[in-house]
1. Given the criterion touching a Leu at 6+ places or on another chain (Cβ under 7 Å) and either under 16 Å from Ser22 (Cα atoms) or surrounded by fewer than 17 Cβ atoms within 10 Å (Cβ to Cβ) (or both), identify the matching residue among Lys90, Lys104.
2. (1) loosely packed, with under 13 Cβ neighbours inside 10 Å; (2) in contact with a strand residue (DSSP E or B) (Cβ under 7 Å, 6 or more places away or on another chain); (3) without any contact (Cβ under 8 Å) to a residue 24 or more places away in the chain: which one isn't true of Thr113, the others all being true?
3. Pairs only if they're at least six apart or on different chains, beta carbon under 7 angstrom, first in segment 15-35 and within 20 Å of Thr75 (Cα to Cα), second small (Gly, Ala, Ser); list them, first residue then second.
4. Six or more apart or on different chains, Cβ atoms under 6 Å: show the pairs whose first residue is in segment 132-150 and on the phi < 0 side of the Ramachandran plot and of a type in the set (A, V, I, L, M, F, W, C) and whose second is at pLDDT below 95 and in a loop (DSSP other than H, G, I, E, B).
5. For segment 122-134, which positions are surrounded by fewer than 21 Cβ atoms within 10 Å (Cβ to Cβ) and either at pLDDT below 95 or part of a loop (DSSP other than H, G, I, E, B) (or both)?
6. Please find, within segment 1-29, the residue that is modelled with the lowest pLDDT out of those that are over 28 Å from His102 (Cβ atoms), outside any strand (DSSP E or B) and out of contact with any Asp or Glu (no Cβ under 6 Å at 6 or more places or on another chain).
7. Thr92: assigned to a loop (DSSP other than H, G, I, E, B) and touching a helix residue (DSSP H, G or I) at 6+ places or on another chain (Cβ under 7 Å), yes or no?
Amino acid sequence: MSAAGTNGPKWAQKTITLPRQSRGCHLVSREIVKEIEEELSQFKCGLAHFFLRHTSASLTINENYDSDVREDTETFLNRIVPEGRSAPWKHTLEGPDDMPAHIKSSMFGCSLTIPITDGKLNLGRWQGIWLCEHRDVATPRSIVVTLNGI
């Protein structure tokens with residue numbers, strides 16, 4: 001991670017890689033915080049920005065306790081974005097799950113901004129960071145984390 005600024009606002013940035021996940025919504029808060037906790041601890045107040053460098057997965061904040069929420073979200077996404085031969089998509093070069101993955105990624109987005117308070121991500125009690133994997137066969141996913149604050 002690189003950092004700049006000593007007397008005023010600080011900046012730091014690091015790219016982390018999450019291991020390959022199966023299709024579905026995965027709670028990844030702990031893995032992400034583990035990778036950035038040393039740098040995060042240097043900020044009293046600020047913002048953490050997370051940018052997923054992929055177009056067939058997404059990031060979102062949602063329930064961190066009941067895994068049924070993640071399963072229900074995956075069920076919902078699969079019902080509203082059709083796949084297979086009957087789906088109307090032209091882009092099929094990378095397989096029948098690729099275009100639906102792009103649409104799902106656009107629905108949730110590829111970035112999050114979370115407040116930093118006293119060296120920690122200031123999430124609500126029941127909130128967690130999800131990596132939503134929209135492909136049947138995925139690759140490891142990289143996230144650029146940018147921290148800014150004092």
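1. Values: Lys90 fails: touching a Leu at 6+ places or on another chain (Cβ under 7 Å).
None of the others qualify; the one that does is Lys104.
2. (3)
3. Gln21/Ala138; Leu27/Gly128
4. Between residues of segment 132-150 that are on the phi < 0 side of the Ramachandran plot and of a type in the set (A, V, I, L, M, F, W, C) and residues that are at pLDDT below 95 and in a loop (DSSP other than H, G, I, E, B), the close pairs are Ile150/Pro9.
5. Asn122, Leu123, Gly124, Arg125, Trp126
6. Keep residues of segment 1-29 that are over 28 Å from His102 (Cβ atoms), which gives 1-12.
If we keep only those that are outside any strand (DSSP E or B) as well, we get 1, 5-9.
When the remaining residues are screened for being out of contact with any Asp or Glu (no Cβ under 6 Å at 6 or more places or on another chain), the result is 5-9.
Working: Gly5: 49, Thr6: 59, Asn7: 72, Gly8: 84, Pro9: 93.
Ranking the candidates gives Gly5 first.
7. For Thr92, the condition - assigned to a loop (DSSP other than H, G, I, E, B) and touching a helix residue (DSSP H, G or I) at 6+ places or on another chain (Cβ under 7 Å) - is met.
The values are calculated or read from the model by the stated rules, or taken from the named source; none is laboratory data. Quantities reported herein were computed from a predicted structural model and do not represent experimental measurements. As a convention, Cβ positions derive from the backbone with ideal geometry for all residues, glycine included, and neighbour counts pool all protein chains shown.
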